[in-house]
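Colleague: This is the structure, below, for whatever I ask next.
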Amino acid sequence: MTFAPTPSLPHSPPKMGEGERRAGGGWGLDHRATFRWLIFPPFVWLGLFLIAPLLLMAAFSFRSDLRGDLLQVWTPTLAQYARLAEVGSYWRLLGISALMALGVAVAAAILAYPLAYFLAFHGGAATGLYLVLLLVPFWTSYLLRVMAWKLMLGTEGVINSFLQYIHLIEEPLPALLYNRTAVIITLIYVWIPFAMLPILAALQRIEWSLFEAAADLGARPFHQFTRITLPLSLPGVFAAFFMVFIPTVGEYVTPILVGGSSGSMYGNIIQDFFTKAANWPLGSALSMIMLLATLLFVFIAIRLINLRELLE
Amino acid sequence: METKLSMFFVTRCLALVLALALTACGAPAPAPATEAPPAELTGSLTVLDWAGYDAEDFWTDFKNTYPNVNVNFEIGASDADIYGKMKAGDQADIFHPYTGWLQFYVEEGLVEEIDTSKLTNWDKVPENFKEIGQFNSKQYFIPWDWGFTSILYRTDRVPEGIDSWSALMDPRFAGHLSMWDDGPGAVTVSSYIHEYDETAITEDQLAAIKEEWIAQRSLNLFYWAGEPELVDAMKSGDIWVAYAWQGAYALLLGEGVPVAYANPKEGRNSWVGVYGIRKGTENYELALKFLDSKLAEATGNNVVNLFYYGHSNQDVMTGITDETLKQAFSIDDPAILEKTNFTPNLTAEQRDAWTAMWAEVKAAP
């Protein structure tokens, strides 16, 4: 993992023209051919293990039930979608899950920012070490980390025990665990280190000469931050946001562990139809709806943010 | 390139001819009168089972008799999961479903008939257990483990005791209730309470059941998915009253937690786990040997002593002397089985409707 500042394209020797590079690139191969060869394995991989299953799922959502062979020709039907249209609570839950994901993604990105800022500008020689320390929790299982939150929030957990110890409360607070708030808190915690990475990468790309120029022109640190650091790091912040938002909409493990009876998310309903109900057609239809809704949201968000402009 | 290809072709042809010759020699020959001794038998079996059941304790007789047979385990998370895997073409030789889900395997042609004449322990299985694995008067499954479902409660928190399934809906226990995360399970409880015919739930009844469980949700702390989760929460005192199998009851008793297992006036529920052999397996004979040894005594004793579940071998059950276990199985209550409701098999329509009902309970505002 290299997050040390590496010279990106603008830093490379300036006088090397396009023609020279091709001639002296040392590839021994035409660039395009190389690219095709390099793209081939991931392309096959994605095709087999992402695109094909997605298409299969889409096909399943137009199946009337799971009877008979799994792979067979069936008459497409909209029965599953019609059934879902009748159940208002699923749609409502999708909205709630999207709002939760929105909150989690915004909070994780905001909380990760100071971390990334510190690592980028004040980490010094120890930046690598700090980064490793921050990522160490990811070497343990996700389940283990969420279970640790159960120990923190439970009725006999750390927080309740402490509050009782200092006599702030007499009876343990039952509300800490087994509700939506617990799910949100846990998810934010889980995502912060992930959200930090793209922000860190963006901050490390900022050239020092910009700060020097700003200082020469009399800009105070606060102005340097609002005029240089923040705008230039925004692409990283948005990358962090989407990195958290998209998987969180369909989250189902955390709600099972800390959400209780009332903390279910849309992903739990999908999971139930696959693993508890053996109703793959309905589960597939629910998944397709979530996929389309998330894509739509991301599309609108990208339009609003105008990511391309930011990146240039 | 061309020579390589033709070489490949020649070797393929040779291999095919050889294989044909071998089968030709092998097929018409009568089965050898004396089979290889068990200790020398080799081969490989794959079992699709529930987490925990892969422990050697639960197939110890097979392990000891056939030490050179390689047994692999795949783990299924629920009946629906195991069914889904088998349907998707899982190559496990043996799988472990529970009552309620058996007929789907028969209907879909996923299970092979069992040649009970080759099972040496078959006569130790009571007739009513055998019938659970029979469809169209053929034996498709062997019954193996069984147990009760009832209400488990902390006697220190509920000193007055519990005598009805409606305790799961009792506001007095708000925030300390836990229901199993399962639609058909919820339908079962409601039909006991309201005396519905569980095998013929009407649409109106299902709608009423849904409303009942939506109302229950605000009292319920969490829906448990695995027994350890429930045991932990009852031990810590978070949960006072829960839908539970008697494995949880015996575990908590063993740890000295003050708990009791209700005998509701509507009757307890009971379920049976069975083993089936995948249709088309190449290891049919070996699979039969595995199932036969699953019925043997040492394995059965481990099921009873380590998992606190019942075993289909009657000799194992009559041999129980441990007081905790006797209590768990209500062995001393001669009328317990008469008061017990056995889990009926579901139709595909019921399965879909009941599981969808449960999803709507969870998604409800």
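The values are calculated or read from the model by the stated rules, or taken from the named source; none is laboratory data. Quantities reported herein were computed from a predicted structural model and do not represent experimental measurements. Counting neighbours? That spans all protein chains shown, and the Cβs are built from the backbone with ideal geometry, glycine included.
Colleague: Only residues that are at the interface with chain A (Cβ under 8 Å from one of its Cβ atoms) and of a type in the set (Phe, Trp, Tyr): list them for segment B:208-229, please.
Modeller: B:PHE222, B:TYR223, listed by residue number.
Colleague: Pick out the one residue from B:GLY175, B:GLY161, B:GLY133, B:GLY147 that is closer than 15 Å to B:PRO264 by Cα and in contact (Cβ under 8 Å) with a residue 24 or more places away in the chain.
Modeller: Sole residue among the options that is closer than 15 Å to B:PRO264 by Cα and in contact (Cβ under 8 Å) with a residue 24 or more places away in the chain: B:GLY161.
Colleague: When you look at A:PHE138, is it under 29 Å from A:PRO255 (Cβ atoms), touching a residue at least 12 places away in the same chain (Cβ under 8 Å), of a type in the set (Phe, Trp, Tyr) and surrounded by fewer than 18 Cβ atoms within 10 Å (Cβ to Cβ), yes or no?
Modeller: It is true that A:PHE138 is under 29 Å from A:PRO255 (Cβ atoms), touching a residue at least 12 places away in the same chain (Cβ under 8 Å), of a type in the set (Phe, Trp, Tyr) and surrounded by fewer than 18 Cβ atoms within 10 Å (Cβ to Cβ).
Colleague: Is it the case, given these coordinates, that B:LYS235 is without any contact (Cβ under 8 Å) to a residue 60 or more places away in the chain and either touching a helix residue (DSSP H, G or I) at 6+ places or on another chain (Cβ under 6 Å) or within 13 Å of chain A (Cβ to nearest Cβ) (or both)?
Modeller: Answer is yes for this residue.
Colleague: So, in segment B:260-270, of the ones that are touching an Asp or Glu at 6+ places or on another chain (Cβ under 9 Å) and at negative phi, which residue ends up surrounded by the fewest Cβ atoms within 10 Å (Cβ to Cβ)?
Modeller: Checking each candidate, the answer is B:LYS265.
Colleague: Checking B:TYR105 against (1) touching a Pro at 6+ places or on another chain (Cβ under 9 Å); (2) closer than 30 Å to B:LYS235 by Cβ; (3) within 14 Å of chain A (Cβ to nearest Cβ): exactly one of these is not met. Which one?
Modeller: (2)
Colleague: While we're on this one: Which members of segment A:165-213 meet the condition of being free of Cβ contacts under 8 Å to residues at least 12 places away in the same chain and within 14 Å of another protein chain (Cβ to nearest Cβ)?
Modeller: A:GLU171, A:ALA175
Colleague: With segment A:239-312 as the region, which helices (runs of 4 or more DSSP H) entirely inside it contain at least 1 residues that are under 30 Å from B:PRO97 (Cβ atoms) and within 14 Å of chain B (Cβ to nearest Cβ)?
Modeller: A:266-275, A:280-305
Colleague: May I pose another question? Within segment B:272-313, take every residue that is of a type in the set (Phe, Trp, Tyr) and crowded, with 19+ Cβ neighbours inside 10 Å and give me the one that is nearest to B:THR120 (Cα to Cα).
Modeller: In this case the residue turns out to be B:PHE290.
Colleague: What number of residues within segment B:318-342 are buried (at least 19 other Cβ atoms within 10 Å of the Cβ) and free of Cβ contacts under 8 Å to residues at least 40 places away in the same chain?
Modeller: 0
Colleague: I've got another one for you. Run down B:THR299, B:THR355, B:THR281, B:THR324 and say which single residue is among the hydroxyl-bearing types (Ser, Thr, Tyr) and in a loop (DSSP other than H, G, I, E, B).
Modeller: Just one listed residue meets the conditions, B:THR281.
Colleague: Are any residues in segment B:73-102 more than 11 Å from every other protein chain (Cβ to nearest Cβ) and of a type in the set (Asp, Glu), and if so, which ones?
Modeller: Once the filter is applied, which keeps residues that are more than 11 Å from every other protein chain (Cβ to nearest Cβ) and of a type in the set (Asp, Glu), segment B:73-102 yields B:GLU74, B:ASP90, B:ASP93.
Colleague: Also: Output the qualifying pairs, or none if there are none: Cβ atoms under 7 angstrom, residues six or more apart or on different chains, first residue in segment A:66-83 and within 14 Å of another protein chain (Cβ to nearest Cβ), second residue surrounded by 15 or more Cβ atoms within 10 Å (Cβ to Cβ) and of a type outside the set (A, V, I, L, M).
Modeller: What qualifies is A:LEU66/A:ASN279; A:LEU66/A:TRP280; A:LEU66/A:PRO281; A:LEU70/B:LYS87; A:GLN80/A:SER61; A:GLN80/A:PRO281.
Colleague: State whether one or more residues within segment B:136-156 are within 14 Å of chain A (Cβ to nearest Cβ), buried (at least 20 other Cβ atoms within 10 Å of the Cβ) and among the aromatic types (Phe, Trp, Tyr).
Modeller: No, the conditions are met nowhere in segment B:136-156.
Colleague: Right, here's the next one. Can B:GLU108 be described as acidic (Asp, Glu), crowded, with 16+ Cβ neighbours inside 10 Å and modelled with pLDDT of 95 or more?
Modeller: no
Colleague: Let me ask another. Against the definition (surrounded by fewer than 23 Cβ atoms within 10 Å (Cβ to Cβ) and outside any helix (DSSP H, G or I)), how does B:TYR196 come out, yes or no?
Modeller: yes
Colleague: At least 2 residues that are at pLDDT 80 or above and surrounded by fewer than 16 Cβ atoms within 10 Å (Cβ to Cβ) in each: list the helices (runs of 4 or more DSSP H) lying fully within segment A:1-120 that qualify.
Modeller: Of the helices (runs of 4 or more DSSP H) lying wholly inside segment A:1-120, those with at least 2 residues that are at pLDDT 80 or above and surrounded by fewer than 16 Cβ atoms within 10 Å (Cβ to Cβ) span A:31-46, A:52-60, A:79-86.
Colleague: The conditions are (1) within 14 Å of chain A (Cβ to nearest Cβ); (2) crowded, with 17+ Cβ neighbours inside 10 Å; (3) more than 30 Å from B:GLU211 (Cβ to Cβ), and B:GLU360 fails exactly one of them. Which is it?
Modeller: (3)
Colleague: Here's a check for you: in segment B:251-293, which residue that is of a type in the set (D, E, K, R) and in contact with a Phe, Trp or Tyr (Cβ under 6 Å, 6 or more places away or on another chain) is modelled with the lowest pLDDT?
Modeller: The qualifying residue modelled with the lowest pLDDT is B:ARG268.
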